[in-house]
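A.B. asks: Okay, here's the structure, questions in a sec.
The values are calculated or read from the model by the stated rules, or taken from the named source; none is laboratory data. Quick caveat, the model's predicted, so the values are computed rather than measured. Note that we place each Cβ from the backbone using ideal geometry, even for glycine, and neighbour counts take in every protein chain shown.
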Amino acid sequence: MNESMLLVAAAVFAVFLVISFFVARRSTRNRPARHADWKHIEPVDRPSSEEAARRAETVQAIEEVTRHETEAPEAARHEVERPAEEEARRSARLQAAEEAARREAERRATEEAAQRDAALQAAEEAARQAAAARAMQEAAQREVQRLAAEEAARRESERRAAEEAARQAAAQEAAQREAQRLAAEEAARQESKRRAAEEAARQAAAARAAQEAAQREAQRLAAEEAARQESKRRAAEEAARQAAATRAAHEATQREAQRLAAEEAARQESKRRAAEEAARQAAEARAAEEAARREARRQAIEDVARREAARRAEEEAARQAIERQAAEEADRRAAAKRAADDAARLERERRAIAEALHQEERELRIIEQAINRENERQAAEAARRPPPAPVGQIPAKPPQQTIVMVADDSRVVRVKTGRLLSAHAYQVLTAEDGLDAARQIEGTVPDVLVTDVDMPGLDGFQLSRQIRADPRTAHVPIIMVTSDNDELRSQAAAVGVNVVLGKPYPEELLINHIERLMLGPASH
């Protein structure tokens, strides 16, 4: 929007500049003509010095005439002899004054006509320039309107192109999503089959591997236990040896220190006595003894320092050896503990696997017993109740071509049942309630319907009645899932339900009923 407004403003400004240029150019062209007209009229408007002179001459002539007329009697008295000449002079002067007045009138008339012509030409030029300016302004407005219309058309075309592109992109996106959904469903079905096979193989391999690992782990633990006991014994012997060596070194150090202390005390005593003796002797003897004493003390200190350094080095070596052995022992103990923990974990896993296998065997036996009881109950019910509504001839279909609709208001049940059916390669349709199932059946008739009883809008009994009442769907087998109640079973049989499953039911039982129902009417 801002860019469009800037473009329109720039176009208007450009048109204005063009109009101003042409007006200025036209004014420049007309300026010499107007200048000539004004030069032609200039004598009219110029301050009238010549006119004033002419008027002054006319006045002087009139005054002269008047003066001569007033002086005529006196001149007549003096010049009686020349009256005709004076009369002629007066007549000439009067004619000259009349001619000057006539010329002045003609000049004024000419000047007024020229002024009127100049004013008329100036008005015509102004009108022409105003008309040209209006024409250029109208042209500029039309150009602005044209540009605005083109801009609006361009925006409309861009908007339509964007809408078309968005619509095409949405259609492509929807097609891609649908293709991805179908591919994902097919991949999920294949993946569920593969996972089921892998899970069975993995459980069998895990059981065998667990048994073998348990045997190997038991052998390894026995060997490690023997090695650990041997390492404990050797570590105890080494520790005892190191402790004895440490104690012997410590006792030797103490004895050496005591000996050095005794020697030092004896030396001090002898030095004291020598000092007393030297005191009685000359100063040279005292100086010599003092020097000897200092040298002996220095040597003794150095000897003690060497022995102390050797002792500390031995103690440090012994400490490091003990610490190294302790660290090795700690590592051995940690390794033994980790091995024991791993063995215990493997033993727990082995027991858990064995327990899971045992539990699975018990569940399989329970499922087989439940299937047998259900088959016996179905046979007994079929024997004592009237046959259900006739089911049309259903050709046997493989699971990949069999459409099973699951109608249940519980999302968990829909997902769980859908996964079970997909794992057995069935095509699955799910409905949130009875109304949703009825709407979907109008477009796609399933091969088998699995429905719940309690659903909002349209319950399982009403949905079954509606399916049996429609000739197009009357042949569809119906499996109703409900609580184990004889009254509900009777109502289900009355509306044409083929199989009633009591909650909870084994998953394999549902698959068996679907397979049996899809074999044809002879097996019902």
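A.B. asks: Only one of these conditions is not met by Val413: (1) closer than 30 Å to Ala196 by Cα; (2) more than 45 Å from the chain's Cα centre (by Cα). Which number is it?
C.D. replies: (2)
A.B. asks: If Arg516 meets every condition in (1) in a helix (DSSP H, G or I); (2) surrounded by 19 or more Cβ atoms within 10 Å (Cβ to Cβ) apart from one, which number is that one?
C.D. replies: (2)
A.B. asks: Output the residues belonging to segment 83-126 that are surrounded by 13 or more Cβ atoms within 10 Å (Cβ to Cβ) and over 24 Å from Val59 (Cα atoms).
C.D. replies: Within segment 83-126, Ala114, Gln115, Asp117, Ala118, Gln121, Ala122, Glu125 qualify.
A.B. asks: Would segment 34-47 turn up any residue that is of a type outside the set (Asp, Glu), assigned to a helix (DSSP H, G or I) and modelled with pLDDT of 65 or more? Full working, then the answer.
C.D. replies: Let us first name the residues in segment 34-47 that are of a type outside the set (Asp, Glu), namely 34-36, 38-41, 43-44, 46-47.
Add one more test, that the residue is assigned to a helix (DSSP H, G or I), and what stays is 34-36, 38-41, 43-44.
Within this subset, residues satisfying the condition of being modelled with pLDDT of 65 or more are none.
Checking segment 34-47: not a single residue is of a type outside the set (Asp, Glu), assigned to a helix (DSSP H, G or I) and modelled with pLDDT of 65 or more.
A.B. asks: On to the next question. Taking Ala118, is it touching an Asp or Glu at 6+ places or on another chain (Cβ under 7 Å) and closer than 30 Å to Ala53 by Cα? Walk me through it before giving the result.
C.D. replies: Values: touching an Asp or Glu at 6+ places or on another chain (Cβ under 7 Å): yes; closer than 30 Å to Ala53 by Cα: yes.
Judged against the criteria, Ala118 is a match.
A.B. asks: Determine the pairs where a residue that is within 27 Å of Ala257 (Cβ to Cβ), located within segment 286-304, has a partner that is at pLDDT 80 or above and of a type in the set (Lys, Arg) with Cβ atoms under 6 Å apart, the partner being 6 or more residues away or on another chain.
C.D. replies: Short answer, once both residue conditions are applied: Arg293/Lys271.
A.B. asks: Here's another thing I want to ask about it. Which is under 18 Å from Leu429 (Cα atoms), of a type outside the set (Asp, Glu) and touching a residue at least 60 places away in the same chain (Cβ under 8 Å), of Val499, Val448, Val453? Break it down stepwise before answering.
C.D. replies: Numbers: Val499 fails: under 18 Å from Leu429 (Cα atoms); Val453 fails: touching a residue at least 60 places away in the same chain (Cβ under 8 Å).
The unique qualifying residue is Val448.
A.B. asks: Which number in (1) surrounded by fewer than 19 Cβ atoms within 10 Å (Cβ to Cβ); (2) more than 27 Å from Arg373 (Cα to Cα); (3) under 43 Å from the mean Cα position of the chain (by Cα) marks the one condition that Leu420 misses?
C.D. replies: (2)
A.B. asks: While we're here: Test of understanding: among Ala114, Ala140, Ala75, which residue is over 30 Å from Val18 (Cα atoms) and modelled with pLDDT under 85?
C.D. replies: Numbers: Ala114 fails: modelled with pLDDT under 85; Ala140 fails: over 30 Å from Val18 (Cα atoms).
Only one candidate qualifies: Ala75.
A.B. asks: When you look at Ile322, is it touching a helix residue (DSSP H, G or I) at 6+ places or on another chain (Cβ under 8 Å), among the aliphatic types (A, V, I, L, M) and surrounded by 10 or more Cβ atoms within 10 Å (Cβ to Cβ), yes or no? Break it down stepwise before answering.
C.D. replies: Working: touching a helix residue (DSSP H, G or I) at 6+ places or on another chain (Cβ under 8 Å): yes; among the aliphatic types (A, V, I, L, M): yes; surrounded by 10 or more Cβ atoms within 10 Å (Cβ to Cβ): yes.
For Ile322, the condition - touching a helix residue (DSSP H, G or I) at 6+ places or on another chain (Cβ under 8 Å), among the aliphatic types (A, V, I, L, M) and surrounded by 10 or more Cβ atoms within 10 Å (Cβ to Cβ) - is met.
A.B. asks: Give the residue, chosen from Ala296, Ala339, Ala344, Ala352, that is among the hydrophobic types (A, V, I, L, M, F, W, C), surrounded by 11 or more Cβ atoms within 10 Å (Cβ to Cβ), within 28 Å of Gln229 (Cα to Cα) and modelled with pLDDT under 85.
C.D. replies: Details: Ala296 fails: within 28 Å of Gln229 (Cα to Cα); Ala344 fails: modelled with pLDDT under 85; Ala352 fails: within 28 Å of Gln229 (Cα to Cα).
Sole residue among the options that is among the hydrophobic types (A, V, I, L, M, F, W, C), surrounded by 11 or more Cβ atoms within 10 Å (Cβ to Cβ), within 28 Å of Gln229 (Cα to Cα) and modelled with pLDDT under 85: Ala339.
A.B. asks: In segment 302-355, how many are farther than 30 Å from Arg234 by Cα and small (Gly, Ala, Ser)?
C.D. replies: Matching residues across segment 302-355 total 4.
A.B. asks: Of the conditions (1) within 30 Å of Ala10 (Cα to Cα); (2) modelled with pLDDT under 70, Ala126 fails just one. Which one is it?
C.D. replies: In the conditions (1) within 30 Å of Ala10 (Cα to Cα); (2) modelled with pLDDT under 70, Ala126 misses (2) alone.
A.B. asks: Ok, one more. Would you mind telling me which numbered condition in (1) within 30 Å of Lys337 (Cβ to Cβ); (2) among the aliphatic types (A, V, I, L, M); (3) at pLDDT 80 or above Ala223 fails?
C.D. replies: All conditions are met except number (3).
A.B. asks: In addition: Got a sec? Which of Leu94, Leu147 is at pLDDT 85 or above and under 30 Å from Phe16 (Cβ atoms)?
C.D. replies: Details: Leu94 fails: under 30 Å from Phe16 (Cβ atoms).
None of the other options fit; the residue is Leu147.
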